[in-house]
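Student: Have a look at this one before I ask anything.
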Amino acid sequence: MQNRSNVFQVDFDAVEKEVRAFEQQQADELGIESRAQKHWVDENPRSFTKSQRETTTVLFGGLTMMQDAFIQAACSGIGYRFQALDVPDNAAMQVGKEFGNRGQCNPTYFTVGNLVKYLIHLRDDKGIDTQTIIDNYLFTTAGACGPCRFGLYVTEYRKALRDAGFEGFRVLLFQSGGGINQGGEELGLSFDKTFFRAMFRGIILGDVVNLMGYRLRPYEKHAGEVNEVLSQCKQRLIETLQRNENIISALKACKKQLLSIELDRLQAKPKVSVIGEFWAMTTEGDGNYHLQKFLEQEGAEVDIQPVTNWTLYLIWAQLYDARLQFKLATGWKQKLKLGKFILLLKLANRVMAMWFNRYAKAIGLTDYHLADMQSLAEDSHDFYANELRGGEGHMEVGKLIQAVKYKKAHLVLSVKPFGCMPSSGVSDGVQSLVTGQYPDANFLAIETSGDGAVNVYSRVQMALFKARQKAQQEVDDALTNCGHSLELARQSLAQRRGVCGDWMPDHVTASTAANIVHTLLD
Ligand code: SF4
């Protein structure tokens, strides 16, 4: 799902003004009489004032379960009634198809249907009358003006809500800003520093907790232990966020619990990098056939894409555009304005990375490196122009190249929603060229349509077979190099002090077990 936040927005009003002036000048030169056009505008109801805050529940969702829970807690810690929707399931998709337009991409049906399904549940199962739902609930989501269908999501929500009998239900976009100021009354939802701090706290916390889980779970000695500890950590962090207290000591307490889990990291597990369309690779439900869970059940170590990477990409894209504009700018005033904007973006980039690293360190997620956006852009630009936006842009291409080049994964799975324009072009088109030039790539694009699980699982299992062989080969080679047996390596590892869940071996190859052997025994 393409998601171009307007947090770091270029001044579109100024651009629009300039274009209008140019249009007028051309019309005058050609002697064309300009006619005032009346364009269609979706009259999206957006009234939400501070006085309604106490009685209004703000619905939201769409990230991982961990992130949704943390955002809900962080926003309640600053005085909002936020409620995360459940992870969208196939029933939600069917509701989306029933009330949505034809020809939408798959995440639209899942996410729009999920909201409508919940409102129907409130009305039909909980017995809340429709007007009370409209008055006391609203939905907030990210907005965009993207080249793919994401730009139309809000209109799609409106259409489905109207047809399902919820005319007047409010859908607010994060970018709505002043548009929801009501007759001078203070806004119900202030998209200000406090609000965005709470949102990013939830997002980054969710990332570091999720990443810790994916790092430890494949190697736990006692099945289910990591999830058990993670759910206790989740509760601890939720309570801390609800009280709006310092999160670092809560993270340190989680670290202590997580590092006490017994691991056997010398198992030759295939590492699988899950990339693709943003929503499809992030959701943890029917929207991608529970892919992450399926992979772990099949014995893989899953390399997920943190949501923080996505925010870094948004910043990078703004920075890229601003630098081009700077080159084209003529007047010093414009250059000065753009220069300040570029500095602000660089600062934002730094702050995000520092914020992430601080939380990562506190929970024991050592040696985790967020994607370097500039190197992703450079590695991919021969195959996919960096100026193209929509979906993941060039990121998907760059991630595949880097997975092969830097031996990051034994298998790269690209999750492509049915009907997704950018992802289809990349997964089926551009990536074929990439795999042609990088023959070592074990790449598989899977399409998620909601009803093709058996087909997808079987294709993933075939690709995993090859990945498992690669992982085993890497471990065998590492043992041959150092002249140890696996048992000796295990004994040697057990005697090392300080080697637990937060210790990471040097990166030599994709396999964690092989890296441990290289680092400790070579
Ligand atoms: S990136 Fe693809 S799936 Fe996501 S909103 Fe755009 S068209 Fe739909």
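The values are calculated or read from the model by the stated rules, or taken from the named source; none is laboratory data. Please read these numbers as outputs of a predicted model, since none were measured by experiment. Positions of Cβ are generated from backbone atoms using ideal geometry, with glycine treated the same way; all protein chains shown enter the neighbour counts.
Student: I'd like the full set of residues that are farther than 14 Å from L152 by Cβ and out of contact with any Phe, Trp or Tyr (no Cβ under 6 Å at 6 or more places or on another chain), limited to region 93-120. Talk me through it step by step, then tell me what you get.
Tutor: Going through region 93-120, the residues farther than 14 Å from L152 by Cβ turn out to be 93-95, 97-99, 106, 110, 113-120.
Correct list: Q94, V95, E98, F99, F110, G113, N114, K117, Y118, I120.
Student: Okay, moving on. For region 440-484, enumerate the residues that are among the acidic types (D, E) and assigned to a helix (DSSP H, G or I). Walk me through it before giving the result.
Tutor: Initial filter on region 440-484 (among the acidic types (D, E)): 440, 447, 451, 474, 476-477.
Hits for region 440-484 are E474, D476, D477.
Student: Only one of these is of a type in the set (D, E, K, R), away from the ligand (no atom under 16 Å from the Cβ) and assigned to a loop (DSSP other than H, G, I, E, B): E239, E245. Name it. Break it down into steps so the answer makes sense when it comes.
Tutor: On the way: E239 fails: assigned to a loop (DSSP other than H, G, I, E, B).
After ruling out the rest, the residue left standing is E245.
Student: Filter region 142-158 for residues that are part of a loop (DSSP other than H, G, I, E, B) and either over 22 Å from Q72 (Cα atoms) or away from the ligand (no atom under 16 Å from the Cβ) (or both) and give the result. Reasoning before the result, please.
Tutor: Step one: list which residues in region 142-158 are part of a loop (DSSP other than H, G, I, E, B), which gives 142-148.
Hits for region 142-158 are A144, C145, G146, P147, C148.
Student: To continue, here is another question. Part of a loop (DSSP other than H, G, I, E, B) and either modelled with pLDDT under 90 or farther than 27 Å from L258 by Cβ (or both): is that true of G501 in this structure?
Tutor: For G501, the condition - part of a loop (DSSP other than H, G, I, E, B) and either modelled with pLDDT under 90 or farther than 27 Å from L258 by Cβ (or both) - is met.
Student: Find the residue count for region 72-112, including only residues that are within 14 Å of the ligand (Cβ to nearest atom), out of contact with any Cys (no Cβ under 9 Å at 6 or more places or on another chain) and farther than 30 Å from K193 by Cα.
Tutor: Step one: of region 72-112, the residues within 14 Å of the ligand (Cβ to nearest atom) are 88, 93, 96, 100-101, 103-112.
Narrowing the set further to residues that are out of contact with any Cys (no Cβ under 9 Å at 6 or more places or on another chain) leaves 88, 93, 96, 100-101, 103-104, 108-112.
If we keep only those that are farther than 30 Å from K193 by Cα too, we end up with 93, 96, 100-101, 103-104, 109-110.
Matching residues across region 72-112 total 8.
Student: How many residues are β-branched (V, I, T), closer than 19 Å to I304 by Cα and away from the ligand (no atom under 16 Å from the Cβ) if we restrict to region 388-441?
Tutor: Going through region 388-441 one residue at a time, the tally reaches 3.
Student: While we're here: Which condition from (1) surrounded by 20 or more Cβ atoms within 10 Å (Cβ to Cβ); (2) in contact with a helix residue (DSSP H, G or I) (Cβ under 7 Å, 6 or more places away or on another chain) is the one that A403 breaks?
Tutor: Among (1) surrounded by 20 or more Cβ atoms within 10 Å (Cβ to Cβ); (2) in contact with a helix residue (DSSP H, G or I) (Cβ under 7 Å, 6 or more places away or on another chain), A403 violates only (2).
Student: Could you run through region 505-521 and say how many residues are more than 14 Å from A268 (Cα to Cα) and crowded, with 16+ Cβ neighbours inside 10 Å?
Tutor: 5
Student: Now, a different point. Just need a number here: residues in region 159-173 that are away from the ligand (no atom under 15 Å from the Cβ), within 22 Å of T49 (Cβ to Cβ) and either assigned to a strand (DSSP E or B) or among the hydrophobic types (A, V, I, L, M, F, W, C) (or both).
Tutor: The qualifying residues number 6.
Student: Six or more apart or on different chains, Cβ under 8 Å: which pairs go from a residue in region 83-109 that's farther than 12 Å from A160 by Cβ to one that's away from the ligand (no atom under 16 Å from the Cβ) and among the acidic types (D, E)? Could you list them?
Tutor: Correct list of pairs: A84/D68; L85/D68; V87/E284; N90/D451.
Student: Being surrounded by 19 or more Cβ atoms within 10 Å (Cβ to Cβ) and among the aromatic types (F, W, Y) is the filter here, so list the residues in region 342-396 that pass it.
Tutor: Passing the criteria: F356, Y359, Y384.
Student: Follow-up question, since we're still on this one. Kindly establish whether L338 is under 21 Å from F200 (Cα atoms) and either modelled with pLDDT under 95 or of a type outside the set (F, W, Y) (or both).
Tutor: Numbers: under 21 Å from F200 (Cα atoms): no; either modelled with pLDDT under 95 or of a type outside the set (F, W, Y) (or both): yes.
For L338, the condition - under 21 Å from F200 (Cα atoms) and either modelled with pLDDT under 95 or of a type outside the set (F, W, Y) (or both) - is not met.
Student: Right, another one. May I ask you to list the residues in region 275-334 that are within 16 Å of the ligand (Cβ to nearest atom), among the charged types (D, E, K, R) and either in contact with a strand residue (DSSP E or B) (Cβ under 8 Å, 6 or more places away or on another chain) or under 25 Å from R350 (Cβ atoms) (or both)?
Tutor: Scanning region 275-334 gives a single hit, E277.
Student: Scan region 306-319 for residues that are farther than 14 Å from K340 by Cα and either assigned to a helix (DSSP H, G or I) or touching a Cys at 6+ places or on another chain (Cβ under 9 Å) (or both) and jot them down. Steps first, please.
Tutor: Looking only at region 306-319, we keep the residues that are farther than 14 Å from K340 by Cα, and these are 306-317.
If the condition is that a residue be farther than 14 Å from K340 by Cα and either assigned to a helix (DSSP H, G or I) or touching a Cys at 6+ places or on another chain (Cβ under 9 Å) (or both), then V307, T308, N309, W310, T311, L312, Y313, L314, I315, W316, A317 are the ones that fit.
Student: Just to be sure before I move on: is K117 surrounded by fewer than 17 Cβ atoms within 10 Å (Cβ to Cβ) and more than 30 Å from K193 (Cβ to Cβ) in the structure I sent? Quick ask: steps written out before the conclusion?
Tutor: Working: surrounded by fewer than 17 Cβ atoms within 10 Å (Cβ to Cβ): no; more than 30 Å from K193 (Cβ to Cβ): yes.
No, not satisfied.
Matching residues to (1) over 27 Å from G213 (Cβ atoms); (2) surrounded by fewer than 21 Cβ atoms within 10 Å (Cβ to Cβ); (3) not aliphatic (A, V, I, L, M):
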site: E18; (1), (2), (3): yes, yes, yes
site: D28; (1), (2), (3): yes, yes, yes
site: N44; (1), (2), (3): yes, yes, yes
site: T49; (1), (2), (3): yes, yes, yes
site: Q67; (1), (2), (3): no, no, yes
site: G96; (1), (2), (3): yes, no, yes
site: N106; (1), (2), (3): no, no, yes
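Here is a yes/no grid of residues against (1) out of contact with any Pro (no Cβ under 8 Å at 6 or more places or on another chain); (2) under 27 Å from E387 (Cα atoms):
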position: P417; (1), (2): no, yes
position: S424; (1), (2): yes, yes
position: D428; (1), (2): yes, yes
position: Y438; (1), (2): yes, yes
position: F443; (1), (2): yes, yes
position: I446; (1), (2): yes, yes
position: L479; (1), (2): yes, no
position: H484; (1), (2): yes, no
position: D502; (1), (2): yes, no
